[in-house]
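Visitor: Here it is: the structure, laid out below.
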Amino acid sequence: MGSGALCRHPRRYKLSPLSASAEIRVLTTPQELFEEAAEETIRLAAEAVSARGRFTVALSGGSTPKGLFNLLATNGRATLPWDRTFFFWGDERHVPPTDSDSNYRMANETLLSKVPVPPGNVFRIAAENPDAAAAAAAYEQTLRKFFETDAPAVPRFDLILLGMGPDGHTASLFPGTAGLQEKSRLVIANWVEKLKAYRLSFTFPVLNAARNVDFLVGGTDKASVLRSVLEDDGAGEPYPAKLVRPNDGRLIWFLDRAAASGLSAAAK
Ligand code: 6PG
């Protein structure tokens with residue numbers, strides 16, 4: 001995938017002693033980060049389809065994944081098993097799918113509208129519903145029906161893509177919000193005071209039940225929080241991104257050098 005495949009040398013290291021199954025890959029540039037993440041996505045898709053006949057993936061929003069989606073829509077177009085791939089969202093802004101803030105709209109414009117994925121394989125969050133709690137409950141039912149899991153069982157995604165904000169939030173689980181405490185629901189309407197808005201978001205039970213969780217994080221504005229998330233065992237309230245620890249799954253942090261600039265020498 002892409003011209004840089006052979007010359008990329010991601011610096012990989014384990015998050016010992018925190019978790020044996022977590023890995024950090026530091027790439028020199030954002031483009032190399034996207035290439036590495038795209039290669040991993042394609043590898044996981046092939047693995048999932050051969051093991052279970054389908055690949056279930058939850059997309060993240062924000063700006064960082066655009067580079068990955070563009071690559072999957074171009075270089076990966078011939079490689080991903082689109083008819084066996086099922087798309088969900090880990091979070092969504094409380095807006096219609098036509099809104100410029102919509103995570104669905106971003107993914108549709110940069111990926112889904114450009115690849116032969118059957119429309120029935122795309123499960124967006126109906127965030128146009130003015131009742132955010134009802135939208136969250138409806139999406140939880142969508143997950144339970146698709147994965148055929150009754151409460152309290154938790155659906156197990158093959159891959160959940162995540163980003164991290166400069167405040168340490170991930171999906172739409174922001175510091176100091178009620179959503180951080182949710183232990184049983186799969187999807188919540190999380191009120192975010194600083195945004196004066198609800199966000200629809202997967203909860204930690206879903207994030208930590210996944211087979212694979214891949215964080216894509218770039219830029220110096222995230223470096224100091226990232227150091228705290230990945231290296232600090234300090235006291236105090238952990239950043240939400242630090243609470244993503246798959247129970248029985250693989251966790252990979254794809255970082256560009258700018259985002260990794262605050263990490264200990266070993267990682268840079
Ligand atoms: C969202 C996201 C959110 C995102 C981070 C990072 O809806 O905004 O899902 O969790 O991943 O805010 O966003 P950037 O990639 O734009 O920095």
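The values are calculated or read from the model by the stated rules, or taken from the named source; none is laboratory data. These figures come from a predicted structure and were not determined experimentally. Glycine also receives a Cβ, built like all others from the backbone with ideal geometry; neighbour counts cover every protein chain displayed. Only protein heavy atoms, including side chains, enter the accessible area calculation; ligands, DNA and RNA are left aside. Shrake-Rupley method; radii C 1.70, N 1.55, O 1.52, S 1.80 Å.
Visitor: List the residues whose amide H sits under 5 Å from the amide H of Val192, counting only those 5 or more places along or on another chain, with H placed 1.01 Å from N in the peptide plane.
Guide: Ala197, Tyr198, Arg199
Visitor: Run lengths n ≥ 4 of DSSP H only: what is the helix-derived mean residue ellipticity at 222 nm for the chain, with -39500 (n - 2.57) per run over all residues, to the nearest 500?
Guide: -8000 deg cm²/dmol
Visitor: Using only the Cα atoms of the stretch 64-140, what are the Rg and Dmax in Å?
Guide: Rg and Dmax of the stretch 64-140, Cα atoms, are 13.1, 40 Å.
Visitor: Treating the Cα atoms of the chain as identical point scatterers in vacuum, please give the log10 of the normalised Debye intensity I(q)/I(0) at q = 0.08, 0.15 Å⁻¹, two decimals.
Guide: After summing over all Cα pairs, the log10 values are -0.29, -1.13.
Visitor: Here is a further query. Aspartates and glutamates within cross-link reach of Lys114: Cα-Cα under 14 Å, excluding same-chain residues under 8 positions apart?
Guide: Straight-line reach from Lys114, under 14 Å: Asp83.
Visitor: To one decimal place, what orientation-averaged projected area in nm² is obtained for the convex hull of the Cα set of the stretch 32-84?
Guide: 3.6
Visitor: What does the net charge come to around Thr64 if you take all other residues with beta carbon closer than 13 Å to its beta carbon, with K and R at +1 and D and E at -1? It would help to have the intermediate numbers written out before the result.
Guide: Values: positive: Lys66, Lys222; negative: Asp214, Asp221, Asp256.
Overall, the nearby charge balance is -1.
Visitor: Which residues' amide hydrogens lie under 5 Å from the amide hydrogen of Arg185, considering only partners 5 or more residues apart or on another chain, with H built in the peptide plane?
Guide: The answer is none.
Visitor: State the extension gain, in nm to one decimal, for the chain segment bounded by Arg250 and Glu128, taking 0.36 nm per residue of separation less the distance between their alpha-carbons.
Guide: Values: separation 122, 0.36 × 122 = 43.92 nm, distance 3.32 nm.
Residue separation times 0.36 nm, minus the Cα-Cα distance, leaves 40.6 nm.
Visitor: So with the 1.4 Å probe, I'd like the accessible area per residue for the chain, rounded to whole Å².
Guide: Dividing the accessible area of the chain by its residue count gives 42 Å².
Visitor: Also: What FRET efficiency comes out for Ala51 versus Gln31 if R0 is 25 angstrom and r is the Cβ-Cβ distance? Round to the nearest 0.05.
Guide: About 0.25, to the nearest 0.05.
Visitor: Would you work out which of Pro130, Pro81, Phe146 lies farthest towards the positive end of the dipole of the stretch 72-148? Charges go on Cβ: Lys and Arg +1, Asp and Glu -1.
Guide: Sorting the options by dipole projection puts first Pro81.
Visitor: To check my understanding: the extent here is largest minus smallest coordinate of the Cα atoms along each principal axis. What are those three numbers for the stretch 129-191, in Å, largest first?
Guide: 36, 30, 20
Visitor: Could I ask something else about it? Taking Cα centroids, how far is the stretch 76-113 from the stretch 51-66 in Å?
Guide: Each part reduced to its Cα centre gives a spacing of 9 Å.
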